[in-house]
Amino acid sequence: MQLENKFTIDAPIEKAWVALNTPDMIAPCFPGATLTSYEGESFEGTVKVKLGPISLTYKGKGTYVDRDDANHRVTIEASGRDSRGNGTASATVTGTMVADGADRTAVTMVTDMTITGRPAQFGRGVVSDVADKIIGQFAGCVARKLAPEEEAVAAAPAPAATAATTTATGGTAAAAGSTNGAP
């Protein structure tokens, strides 16, 4: 299954690029994610996600396999296994950034994923809805972290400062863990 998420960040592209390529800075913004280690181009952690009636905790690792600083494009490969044996998830996430004026950055994340086990029973609609919610929260958190200090204090209660959209394509067997592939 392939998901495409788009959102904007109210920060210059260079500042957004550094933030979105620093796992220990952005992991706290990804709902349910905990970064347990980060060294070089590799990281490990857990991601908790609720998909329909199933609560999943994926434990896994990821690697930055390609990083193009000049074109603001990064590719991450990640995989994990649910701690309760409900299945596995693997994803390749490609993130691209484009300046949208002097102080805004448009971000596009394309996630190609494969899911096995119980979560594979859910369709694109459910996965897309969950991804929209998670990416919206993620984008809002990153925007608040990158906002100038006086704006960050004023904007803290309003997480809907950025818009996020998700487009899903592919079969249902590749569905569920899409929310686990964010950088």
**Message:** Multiplying the sequence separation of residue 84 and residue 61 by 0.36 nm and subtracting their Cα-Cα distance, what value in nm do you get?
**Reply:** 6.6 nm
**Item:** Inter-label distance for residue 22 and residue 4, nm, one decimal - labels placed 7 Å from Cα along Cα-to-Cβ
**Value:** 3.0 nm
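Just order 116-125, 3-12 by mean Cβ neighbour count inside 10 Å, highest at the front, would you? Can you show the working numbers first?
Numbers: 116-125: 18.2, 3-12: 21.2.
Ranked by mean Cβ neighbours within 10 Å, highest first: 3-12, 116-125.
Give the dimensionless ratio obtained when the Cα radius of gyration of the range 22-154 is divided by 2.2 N^0.38 Å.
Details: Rg = 15.7 Å, N = 133, 2.2 N^0.38 = 14.1 Å.
So the Cα radius of gyration is 1.11 times the expected 2.2 N^0.38 Å.
All of the numbers you see were taken from the coordinates with simple rules; none came from a lab. Keep in mind the model is a prediction, meaning the values are calculated, not measured. Note: ideal-geometry Cβ built from the backbone for every residue, glycine included; neighbour counts use all protein chains shown.
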